[in-house]
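Engineer: Here it is, the structure in full.
Bear in mind these aren't lab numbers, they're just calculated from the coordinates by the rules spelled out. All values reported here derive from a predicted model rather than from experimental measurement. Cβ coordinates were reconstructed from backbone atoms using ideal geometry, including for glycine residues, and neighbour counts include every protein chain displayed.
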Amino acid sequence: MTPAVIGGLPVVVQTALLLAVSNVFMTFAWYAHLRNLNDRPWWVAALASWGIALFEYLVQVPANRIGHRELDLGQLKILQEVIALSVFVPFAAFYMREPVKLDYLWAALCMLGAVYFIFRSP
C-alpha cells in the first residue's frame, strides 16, 4: 500500500518535509540525552532514545516510500543527509548550546557537491 499524497504537493517536496520532521526526532533521539540524561545510567538514555526514535521511524518510513516513487535510493540518501545537517546545526547551536563551527559550512559545501553529482542527468 502506497502512502497518501500530502495536499497535492510534489513528491520531492512531500519527501523533504517528512524527512525534516523525521530528522528532528532522530536528532533528539541521538543527542538530547547528552544534555538531559547525562546523570542517568546509559540504559535509561537508550530507552528514552528508542521511544523518541519510534516517532522518527513512523515519519521516515512513509517519507522514503513516497520519495522512492520518483527518486532513486542514492538520491533519497543524499536528500536525507542534507536535511540531517540542516537540522543538526541549529540543534547543536540552540538546544545543545555548542558553538557553530566553520567546519559546518565546509561540510555543507561538500554536501552540495554530493547533491549535484547524485541529481545530475545521467
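Engineer: Express in nm, to one decimal, how much length is gained between Val61 and Leu47 on full extension, taking 0.36 nm for each residue of separation and deducting their alpha carbon distance.
Structural biologist: Computed gain between Val61 and Leu47 is 3.0 nm.
Engineer: Still on this model: Quick one: Debye curve from the alpha-carbon atoms of the chain only, equal weights, vacuum; give me log10 I(q)/I(0) at q = 0.19 Å⁻¹ to two decimals.
Structural biologist: For the chain, the Cα-only Debye profile gives -1.08.
Engineer: Sticking with this one: With a cut-off of 8 Å between alpha carbons and a minimum separation of six or more residues, what is the relative contact order of the stretch 2-53 in percent? Don't jump to the answer; show the numbers that get you there.
Structural biologist: Details: 21 pairs, mean separation 18.2, N = 52.
Once divided by the residue count of the stretch 2-53, the mean separation gives 35 percent.
Engineer: Want the number for Leu73 to Trp30: 0.36 nm per residue separation, take away the alpha-carbon distance, what's left? It would help to have the intermediate numbers written out before the result.
Structural biologist: Values: separation 43, 0.36 × 43 = 15.48 nm, distance 2.33 nm.
Working it through step by step, the gained length comes to 13.1 nm.
Engineer: Another one. For the stretch 7-38 and the stretch 62-122, write down the distance between their C-alpha centroids in whole Å.
Structural biologist: The two parts, judged by their Cα centres, are 12 Å apart.
Engineer: Also: Could you order the peptides 41-49, 88-96 from most to least packed, using the average number of other C-beta atoms within 10 Å per residue?
Structural biologist: By packing density, highest mean first, the sequence is 88-96, 41-49.
Engineer: Something else now. Mind checking the dipole of the chain: about its Cα centre, +1 per Lys or Arg Cβ, -1 per Asp or Glu Cβ, Debye to the nearest 20?
Structural biologist: Working: 8 positive and 7 negative charges, 9 e Å.
That gives the chain a dipole magnitude of about 40 debye.
Engineer: Still on this structure: In what order do Tyr31, Tyr116 fall by count of nearby beta-carbon atoms within 10 Å, going from fewest to most?
Structural biologist: Placing the least packed residue first, the sequence is Tyr116, Tyr31.
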